[in-house]
Amino acid sequence: MIAPRSHNLWVPIVTLLVAFMLSALPMPEWVQWGWPEWVLVVFLYWVIALPHRFGLGWAFILGLLLDLLQGNHIGVNALAMVVVTFFSMLMYRRLRMYRSWQQAFVVFFLVAINQCISYWFQGIGSNASSGLWFLLPAPISGLLWLWLFVVLRGIRRAFKVA
Amino acid sequence: MFKGRSTVKKFIIYGLISISLIIADYQFDQMQRIRAWLSLAVTPVQWLVDVPQRSWTWLDERLQVRDELIAENKQLRAQTLLAERRVQKLAALTVENFRLRDLLNSSEQLDEKVIVTELIGINSDPFIHQVIINNGFNSGAFVGQPVLDATGVMGQVTSTSAFTSRVLLITDADHAIPVQVNRNSLRSVAYGLGQYDYLELQDLSDTADIEVGDVLVSSGLGLRFPKGYPVARVIEVRHMPGKDFAKVLAKPTAQLDRSRHLLLIETPQQQNVFQQEGN
């Protein structure tokens, strides 16, 4: 290619911004329990698609912003995002080869890890207990992946993000 | 593989930074101030999320049919009339109250200053009962400030930034509010359980005089919430044989998951307390 390459990095940033808005959307309580981890799932797509652009630094910053947005203790989501991103960076080549339902299964596990970390660190010293319901976003994020993967791949190809 | 190793190194560094941030956030009060400034970064997102709701209200107000407006106007007038009648009575009662207090030589109760504020977001994490309001320290909100809605106590401000504040609701699992039974001034503390419908009184003895239907009002002890605002209504008193304490559940009177317009209360005495705490 001779034409100057533009990376179109604003496209992933816009999708992440939309994910932030979706994650902050006010919802009835019963929906909140199963509300998928939008930011994490969208970011995972970009990590797998463009691992040379989106790495642990991005994960850390996005996690911090998520903490500020949700009023968590600062660093909780940052830690969870960094851990999950690290795992997906280790196996992004394998993930690309998988069929989409296999990818969804991996996303399910990654989001479950994210939920465990943020639940444990957030819950220190509070008297909330509701069983294992905090894991509910994991399977739903997995299902979301099947659809989101197609949408984001379409966006990436349409805008030639590199 | 060089790249793999640098990833591991980065992972360890970012992980350690995150963990030390978490520890700092639990340990040090100064993090409040840092958080206040950092929160400015996410304020635009909070505003954007609220845009559909605001534009819908705007559109709804402009597209209302004349008849509906007239009907609503009539209804509001009727309500105002009823409210005014009550206020008239209240004026007489207030004067009487002052006189009686004078007789008893007790200190006067000053009227509190009120700021009307609007809810612009709620926390999407079901474990944290928090809402975001569109008043920050630029418009007089301060940490520890009590927040009410039209029907009762909602919670308190836990962090402020320039334009928005976070309010911890009384039902959050980390929250507790000193209350008393309106009927007989029995004092207790109402703990949040992390469920929107319940508060629990954990420290009432089995023989305490409390019944289903009793109204709990804020007691003013603890100097955070002003005295006498309704907090909850008792819906269940369970006496368990063999236990020293009764299990008492109460339902908050404030519409915690519905109210959009809230009141920030400011008592001069409280302002002083928090300024002293800050120094």
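Annotations for the structure displayed:
- Annotation note: of A:F87, A:F109, A:F105, the sole residue that is of a type in the set (F, W, Y) and either over 13 Å from the mean Cα position of the chain (by Cα) or buried (at least 20 other Cβ atoms within 10 Å of the Cβ) (or both) is A:F105.
- The set of residues from the range B:212-231 being loosely packed, with under 14 Cβ neighbours inside 10 Å and either among the polar types (S, T, N, Q) or modelled with pLDDT of 90 or more (or both) comprises B:V212, B:G213.
- Positions within the range A:49-61 being within 11 Å of chain B (Cβ to nearest Cβ) and modelled with pLDDT of 90 or more, in sequence order: A:L56, A:G57, A:W58, A:A59, A:F60, A:I61
- Taking first residues from the range A:109-129 that are closer than 25 Å to A:L95 by Cβ and within 13 Å of another protein chain (Cβ to nearest Cβ) and partners that are part of a loop (DSSP other than H, G, I, E, B) and modelled with pLDDT of 85 or more, the Cβ contacts under 9 Å between residues at least 6 apart in sequence or on separate chains come to A:N114/A:E37; A:Q115/A:E37; A:Q115/A:L136.
- Taking the criterion of being over 24 Å from B:D25 (Cβ atoms) and outside any strand (DSSP E or B), the residues of the range B:168-195 that qualify are B:N182, B:R183, B:N184, B:S185, B:L186, B:Q195.
- Residues that are surrounded by 12 or more Cβ atoms within 10 Å (Cβ to Cβ), in contact (Cβ under 8 Å) with a residue 12 or more places away in the chain and part of a helix (DSSP H, G or I) occur at least once in the range B:134-142.
- Among the residues of the range B:192-211, just one is out of contact with any strand residue (DSSP E or B) (no Cβ under 9 Å at 6 or more places or on another chain) and crowded, with 19+ Cβ neighbours inside 10 Å, namely B:G194.
- Some residue of the range B:1-10 being farther than 30 Å from B:T158 by Cα and touching a Leu at 6+ places or on another chain (Cβ under 6 Å): yes
- Pick from the range A:69-108, criterion closer than 30 Å to B:M31 by Cβ and outside any helix (DSSP H, G or I), ranking: farthest from the other protein chains (Cβ to nearest Cβ): A:N72
- Residue within the range B:25-34 that is away from chain A (no Cβ under 14 Å) and exposed (fewer than 14 other Cβ atoms within 10 Å of the Cβ) present: no
- Residue selected from the range B:153-167 under the condition over 19 Å from B:S219 (Cα atoms) and in a strand (DSSP E or B), by the criterion nearest to the chain's Cα centre (by Cα): B:V167
- Among the residues examined, A:F43 does not qualify as crowded, with 17+ Cβ neighbours inside 10 Å and either at the interface with chain B (Cβ under 9 Å from one of its Cβ atoms) or part of a loop (DSSP other than H, G, I, E, B) (or both).
The values are calculated or read from the model by the stated rules, or taken from the named source; none is laboratory data. Fair warning: this is a prediction, and the values are worked out from it, not measured in the lab. Glycine gets a Cβ as well: all are built from the backbone with ideal geometry, and neighbour counts include every protein chain shown.
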